[in-house]
Amino acid sequence: MKKINWGTGIFIAFAVFMSFILFFVFLVQSDHKYDNELVIEDYYKYETGLQAQLDKEDNASKLEQKVSFEAGENGITVTFPEGFDYKNITGKVSLYRPSSQKLDFEIPIALSSSNLLIPKSDLAGGRWDIVTDWNYNGTGYINKKQLTLD
């Protein structure tokens with residue numbers, strides 16, 4: 001029987017370690033349970049609209065009374081500035097779940113008061129990124145907030 005020297009032992013250990021790592025890389029890539037999705041589908045198309053988004057964020061930061069977000073027992077309440085006529089506010093509220101794109105959804109803004117309630121039944125517990133893209137009398141605004149629900 002041939003004796004294995006230390007150089008051969010290091011080579012064998014390295015080869016076993018590389019095989020172990022490659023096995024898990026192939027396992028994760030081939031298993032649909034580990035969904036390797038993009039956060040934004042049309043990234044380059046999204047990037048071209050970035051300046052308009054920055055202008056809307058700047059408009060929102062200049063407001064005296066900001067849009068507020070509050071997590072409560074019934075869900076998330078989005079409160080628009082009281083000085084604005086809620087009938088002239090249009091847009092959408094987008095809710096993004098960083099851990100799963102399948103839970104993402106959008107709600108059109110249709111107000112009967114200055115508040116918009118997103119029911120808790122539509123929301124799973126955990127972190128949510130909320131983007132409110134809204135218009136009032138031809139001026140666009142974007143507000144962003146991260147909330148964690150129980």
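The values are calculated or read from the model by the stated rules, or taken from the named source; none is laboratory data. No experiment lies behind these values; they were computed from the predicted model shown. As a convention, Cβ positions derive from the backbone with ideal geometry for all residues, glycine included, and neighbour counts pool all protein chains shown. These accessible areas exclude ligands, DNA and RNA; they are computed on the full protein's heavy atoms, side chains included. Shrake-Rupley method; radii C 1.70, N 1.55, O 1.52, S 1.80 Å.
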Before rounding to the nearest 500, sum -39500 (n - 2.57) across all DSSP H runs of length at least 4 in the chain and divide by the residue total; then give [θ] at 222 nm in deg cm²/dmol. -9500 deg cm²/dmol
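Note down the net charge around Glu64, summing +1 for each Lys or Arg and -1 for each Asp or Glu among other residues with Cβ under 15 Å from its Cβ.
0
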Longest principal axis of the chain (C-alpha) makes with the long axis of helix 6-30 (C-alpha) an angle, in degrees to the nearest 10, of 30
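Would you mind telling me the share, in percent, of accessible area of region 68-127 contributed by carbon and sulfur at probe 1.4 angstrom?
46
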R0 of 41 Å, Cβ-Cβ distance Lys66-Lys45: FRET efficiency to nearest 0.05: 0.90
Considering only Cα-Cα distances, which of the following residue pairs are longer than 19 Å: Lys56/Lys92; Lys66/Lys120; Lys56/Lys145? Lys66/Lys120
Could you state the accessible area per residue of the chain in Å², with a 1.4 Å probe and every protein chain left in place? 73
Run the quick spin-label model on Ala110 and Arg97: label points 7 Å from Cα toward the beta carbon, then report their separation in nm to one decimal. 2.4
Does region 30-150 come out rounded, prolate or oblate by the C-alpha gyration tensor, with a ≥ b ≥ c the root eigenvalues, rounded set by a/c under 1.5 and, if not, prolate when a/b is larger than b/c and oblate if not? oblate
Any residue on another chain or 5+ positions along whose placed amide H is under 5 Å from the amide H of Gly75 is listed here as Lys120
Accessible-area order (highest first, 1.4 angstrom probe) of the listed residues Arg127, Arg97: Arg127, Arg97
Rounded to the nearest 0.05, what FRET efficiency do Lys145 and Lys33 give with R0 = 22 Å and r taken as the Cβ-Cβ distance? Could you check? 0.10
